[in-house]
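Worksheet for the structure shown next.
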Amino acid sequence: MAVNKKILITGGAGFIGVNSANAFAKSGWRVCILDNLSRKGAQLNLDWLMERVEIEFKQVDIRNADEVSSVFKNYQPDVVLHLAAQVAVTTSVVNPREDFEINAAGTLNVLEALRLECPETFFINASTNKVYGKMEDLGVVERNGRYEYADLMSGVSEIRSLDFHSPYG
Ligand SMILES: NC(=O)c1ccc[n+]([C@@H]2O[C@H](COP(=O)([O-])OP(=O)(O)OC[C@H]3O[C@@H](n4cnc5c(N)ncnc54)[C@H](O)[C@@H]3O)[C@@H](O)[C@H]2O)c1
């Protein structure tokens, strides 16, 4: 059980974040969550998680490069799972500057912290199918209780052309 590895999850108080944190902690990883708790329900997610497993929590906004850097420098993770984001297409249309500052510049802050403070660390980024636009040429089917692209059993290939339809994309 003792894995003795450390994972740092940005946006770790979100939907994917708490479930990932729970799974990693139960598998013996040390887990640190970095989140600004801006998402409604994030504190409740964190409370749920902390009742189940032991984790560290840093309340940091990824727009603050110095604070992000300091967490990376001190924690020295083996893996970073980057999930912190503004996640709504609609919000990105209403406030494209905030979307850019969090999703683009905030991600650059995370990458710079990695490059300068722990360059050997593995980096996993959660992207979105919104980078491929409307994807109208692909059929969607329901299989085993989940929606999937009819002919893409392994998901969307990275060679598919990008097609941005919103600031979020
Ligand atoms: N859930 C999905 O089905 C899905 C689908 C496609 C892509 N994604 C991507 O996966 C990632 C995580 O998605 P999710 O569904 O868990 O979202 P979520 O909104 O539940 O979690 C995002 C977390 O990021 C935090 N956050 C937001 N802005 C921040 C900032 N400036 N600094 C620090 N923390 C901040 C929020 O408080 C929240 O806890 C996102 O990049 C999202 O675009 C998710």
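The values are calculated or read from the model by the stated rules, or taken from the named source; none is laboratory data. None of these values were measured; they are calculated from a predicted model. Every residue, glycine among them, receives a Cβ derived from its backbone with ideal geometry; neighbour counts consider all protein chains shown. Keep in mind that these areas ignore ligands, DNA and RNA; they rest on the heavy atoms of the full protein, side chains included. Shrake-Rupley method; radii C 1.70, N 1.55, O 1.52, S 1.80 Å.
Taking the convex hull of the alpha carbon positions in the stretch 129-169 and averaging its projected area over all directions gives 3.2 nm². A 1.4 Å probe run over the protein chains yields, for the stretch 6-126, 55 Å² of accessible area per residue, whole-number rounding. Cross-link check: pairs LYS40/LYS130; LYS5/LYS40; LYS40/LYS73; LYS6/LYS73; LYS6/LYS26; LYS6/LYS40 evaluated at a Cα-Cα cut-off of 20 Å; pairs beyond the cut-off: LYS40/LYS130; LYS5/LYS40; LYS40/LYS73; LYS6/LYS40. Structure remark: mean-square fluctuation, Gaussian network model of the chain, C-alpha springs under 10 Å; the largest value among ASP99, ASP137, ASP78 belongs to ASP137.
Packing order of peptides 21-28, 7-14, highest average first: 7-14, 21-28 (average count of other Cβ atoms within 10 Å over each peptide's residues). Computed over Cα pairs, the Kirkwood radius of the stretch 6-126 leads via Stokes-Einstein (0.890 mPa s, 25 °C) to a diffusion coefficient of 172 µm² per second.
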